[in-house]
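The values are calculated or read from the model by the stated rules, or taken from the named source; none is laboratory data. Small disclaimer: the values here were computed from a predicted structure and weren't measured. Here the Cβ is made from the backbone with ideal geometry for all residues, glycine too, and neighbour counts use every protein chain on show. Note: accessible area is taken over every heavy atom of the protein model, side chains too, but ligands, DNA and RNA are not part of it. Shrake-Rupley method; radii C 1.70, N 1.55, O 1.52, S 1.80 Å.
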Amino acid sequence: MTTEKVKEIMDACYMAKRIRDMLPTLPDGVSSSHIRFMDVIQKLELQNKKVKVSDISRELNLPRPGVTRTVKDMEAKGYLRKISSDEDGRITYVALTCEGERISEKYNQQYFSELSGYLDDISEQEADCMISVTKKLYQIMCERKNQFE
């Protein structure tokens, strides 16, 4: 790949960040991480899973200590609750509270459902390709991060 093409890819990443910054403003105390966690929790629950911190960590490819911190923050703000396992007291599950579900509904489902109507010119195949390439680039950058510093 040429240096110019690499620069074009990085420019596209910059545009992607700018697009992300155009998402609706969240209420005070709610971060984009909270919204992502809510989305993951609901997605896993739809698969009939009881969700653990490790599940969120694996799904988002984030270190567990950071996920634990965010979960504690979300619990303190009333967006989710922890539930101890009946079978094994060492296992704790997380679930959205009514407030968490309300926020998720507004900022996850409603907004993205509306936005999907404007994206008809982008095929599923194009979207899948963009997602795949972005994930590959992210993995490469993570693996090479120390070399670039």
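Let me have the 222 nm mean residue ellipticity of the chain computed from DSSP H runs of 4+ only, each contributing -39500 (n - 2.57), with the sum over all residues rounded to the nearest 500.
Numbers: 7 runs with 92 residues, N = 149.
Only helices count here, giving -19500 deg cm²/dmol.
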For this session: Rank these residues by their accessible area, most exposed first, probe 1.4 Å: 1, 130, 74.
Result: 1, 130, 74
Exercise. How large is ³J(HN,Hα), in whole Hz, for each residue of segment 134-139 in order, when computed from phi with the Karplus curve 6.51 cos²θ - 1.76 cosθ + 1.60 and θ = phi - 60°, using x for Gly and Pro?
Worked result: 4, 5, 4, 4, 4, 4
For this session: Quick one: Debye curve from the alpha-carbon atoms of segment 45-149 only, equal weights, vacuum; give me log10 I(q)/I(0) at q = 0.16 Å⁻¹ to two decimals.
Result: -1.00
Exercise. Carbon and sulfur: what percent of the chain's accessible surface (1.4 Å probe)?
Worked result: 53
Seminar exercise, completed: Among 49/145; 7/43; 5/52; 17/106; 77/136; 43/72, the pairs whose Cα-Cα distance exceeds 30 Å are 49/145; 7/43; 5/52; 77/136
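Just by accessible area at a 1.4 angstrom probe, what is the order of 51, 133 from largest to smallest? Kindly include the intermediate steps, with their values, before the conclusion.
Numbers: 51 0, 133 75 Å².
Per-residue accessible area, sorted high to low, gives 133, 51.
Loop only by DSSP, 15 or fewer other Cβ within 10 Å of the Cβ. Give me the GluC sites (Glu not before Pro) in segment 67-144 that pass, ordered by residue number.
Numbers: sites: 75, 87, 99, 101, 105, 114, 124, 126, 143; in loops: 87.
When the GluC sites (Glu not before Pro) of segment 67-144 are filtered for loop state and at most 15 Cβ neighbours within 10 Å, 87 remain.
Express the relative contact order of the chain as a whole percentage, based on alpha carbon pairs under 8 Å and six or more residues apart in sequence. Working shown, then result.
Values: 85 pairs, mean separation 27.1, N = 149.
18 percent.
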Problem set entry | Qualifying chymotrypsin sites (Phe, Trp or Tyr not before Pro) in segment 38-126, DSSP loop, other Cβ atoms within 10 Å at most 16 | none
For this session: Choose one answer from 136, 82, 43: the residue with the largest mean-square fluctuation in a GNM of the chain with alpha-carbon springs under 10 Å.
Result: 136
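Using 0.36 nm per residue of separation minus the Cα-Cα distance, give me the extension gain between residue 106 and residue 137 in nm, one decimal.
On the way: separation 31, 0.36 × 31 = 11.16 nm, distance 3.07 nm.
Gain on extension, residue 106 to residue 137, equals 8.1 nm.
About its Cα centre, what dipole magnitude does segment 53-146 give when the only charges are +1 on Lys and Arg Cβ and -1 on Asp and Glu Cβ, stated in debye to the nearest 20? Before the final figure, lay out the partial values.
Numbers: 14 positive and 17 negative charges, 152 e Å.
Charge dipole, segment 53-146, about its Cα centre: 740 debye, nearest 20.
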For this session: Using the charge dipole of the chain (Lys, Arg: +1 at Cβ; Asp, Glu: -1 at Cβ; taken about the Cα centre), state which of 54, 40, 9 has its Cα farthest towards the positive end.
Result: 54
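Provide 57, 113, 33 ordered by accessible surface of protein heavy atoms (probe 1.4 Å), highest first. Write down the numbers at each step before the final one.
On the way: 57 15, 113 80, 33 55 Å².
The ranking, largest first, comes out as 113, 33, 57.
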